[in-house]
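> Let me begin by handing over the structure; questions about it come next.
The values are calculated or read from the model by the stated rules, or taken from the named source; none is laboratory data. Because the structure is a prediction, the values reported are computed rather than measured. Cβ coordinates were reconstructed from backbone atoms using ideal geometry, including for glycine residues, and neighbour counts include every protein chain displayed. Ligands, DNA and RNA are excluded from the accessible area calculation, which covers all protein heavy atoms including side chains. Shrake-Rupley method; radii C 1.70, N 1.55, O 1.52, S 1.80 Å.
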Amino acid sequence: MLKSIFDKLLALFLIILFSPIYIVVSILILLKMGRPILFRQKRPGYKEKIFGIYKFRTMTNDKDEDGNLLPDEKRLVGIGKFIRSTSLDELPQLFNVIKGEMSFVGPRPLLIEYLDLYNETQKRRHDVKPGITGWAQVNGRNAISWEQKFDYDVWYVENQSFALDMKILWMTFLKVVKRSDISSSSSVTMEKFTGSK
């Protein structure tokens, strides 16, 4: 309960504080990539309840001659790459926090299609609200394997505390400043999870 109140108050404060950044980023996306400005996608949250996560759009809608979207690395260019590398694309998730769908700290909300691929231990990542940042994000983010990421998520579920959350928020700030672990070793984003062996 206290964590939820803290989350919402901090989110409201940051939305007001960062309002000029919201405006500037929105204008840049509109000018460079057009509409839509926001990217919204359904994700599973607490107890696997589905919600719509908000992000600033970072990829173009460029397609090949057959009408298929180009690979991520060809659509993540220019302003989109800058927004992703500085983690500005995550700012709209403050509204998810206000709505009570997310927390500042917790396992990242992933794709719905992964739900049937988790083993029983990995499913425990949904025993808490998903977060804008988390223990996995400050310990490698997209540069570590899915199994390592889920191990960190479950560890957080079992060891969560206010002090740990403050530590993760501080480590996240340092990661953002250094722009580290944004991509995996072989992709501009993260390869899809196909299940653990």
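> Please report, in Å, the Rg and the Dmax of region 93-158, where both are computed over Cα atoms only.
In Å, with Rg to one decimal and Dmax whole: 11.4, 31.
> At 10 °C and 1.306 mPa s, grab the translational diffusion coefficient of the chain from Stokes-Einstein with a Kirkwood Rh over Cα pairs, rounded to a whole number in µm² per second. Please list the in-between numbers first.
Numbers: Rh = 17.5 Å.
Diffusion coefficient, whole number: 91 µm²/s.
> In addition: Computing the accessible area with a 1.4 Å probe over protein heavy atoms, can you report the carbon and sulfur percentage for the chain? Don't jump to the answer; show the numbers that get you there.
Details: 6630 of 10970 Å².
Answer for the chain is 60 percent, counting heavy atoms of protein chains only.
> Taking region 1-95, which chymotrypsin sites (Phe, Trp or Tyr not before Pro) meet the DSSP loop condition and have no more than 16 other C-beta atoms within 10 Å? Walk me through the intermediate numbers first.
Working: sites: Phe6, Phe13, Phe18, Tyr22, Phe39, Tyr46, Phe51, Tyr54, Phe56, Phe82, Phe95; in loops: Phe18.
Of the chymotrypsin sites (Phe, Trp or Tyr not before Pro), the ones in loops of region 1-95 whose Cβ has at most 16 other Cβ atoms within 10 Å are Phe18.
> Mean separation of Cα pairs under 8 Å and 6+ residues apart, divided by the residue count of the chain: what relative contact order is that in percent?
Relative contact order of the chain: 20 percent.
> Scanning the chain for helices, which whole DSSP H stretches are 30 Å or more long along the axis (Cα) and average 1.0 or more by Kyte-Doolittle?
On the way: long enough: none.
What comes out of the filter, once short or polar helices are dropped, is none.
> Next question. For Lys63, Lys55, Lys3, write out the residues from largest to smallest accessible area, computed with a 1.4 angstrom probe and no ligands counted.
Working: Lys63 125, Lys55 40, Lys3 65 Å².
Largest accessible area first, the residues go Lys63, Lys3, Lys55.
> Can you give the accessible area per residue of the chain, in Å², using a 1.4 Å probe?
Working: 10970 Å² over 197 residues.
For the chain, the solvent-accessible area averages 56 Å² per residue.
> Just to verify a number: what accessible area does Glu120 come out at with the full protein assembly present, 1.4 Å probe, Å² rounded to tens?
Accessible surface of Glu120 is approximately 140 Å².
> Of Leu12, Leu169, Leu91, which is the most mobile in a GNM of the chain whose springs link Cα atoms less than 10 angstrom apart?
Looking only at Leu12, Leu169, Leu91, the biggest GNM fluctuation is shown by Leu12.
> Any chance you could check the Cα centroid distance between region 89-151 and region 40-63 for me, in angstrom?
What the calculation gives is 12 Å, centre to centre.
> Considering the chain as a Gaussian network with a 10 Å cut-off on Cα pairs, which listed residue, Val176, Val77, Val24, attains the greatest mean-square fluctuation?
Val24
> Still on this structure: Given 20 °C and 1.002 mPa s, how large is the Stokes-Einstein diffusion coefficient of region 1-112 in µm²/s, with Rh as the Kirkwood radius over Cα pairs?
Numbers: Rh = 15.3 Å.
Stokes-Einstein gives a translational diffusion coefficient of 140 µm²/s.
> Using 27 Å as the Cα-Cα cut-off, could you pick out the over-long pairs in Lys129/Lys167; Lys74/Lys123; Lys3/Lys47; Lys32/Lys129? Could you put the intermediate results ahead of the total?
Working: Lys129/Lys167 18 Å; Lys74/Lys123 33 Å; Lys3/Lys47 17 Å; Lys32/Lys129 34 Å.
Correct reply: Lys74/Lys123; Lys32/Lys129.
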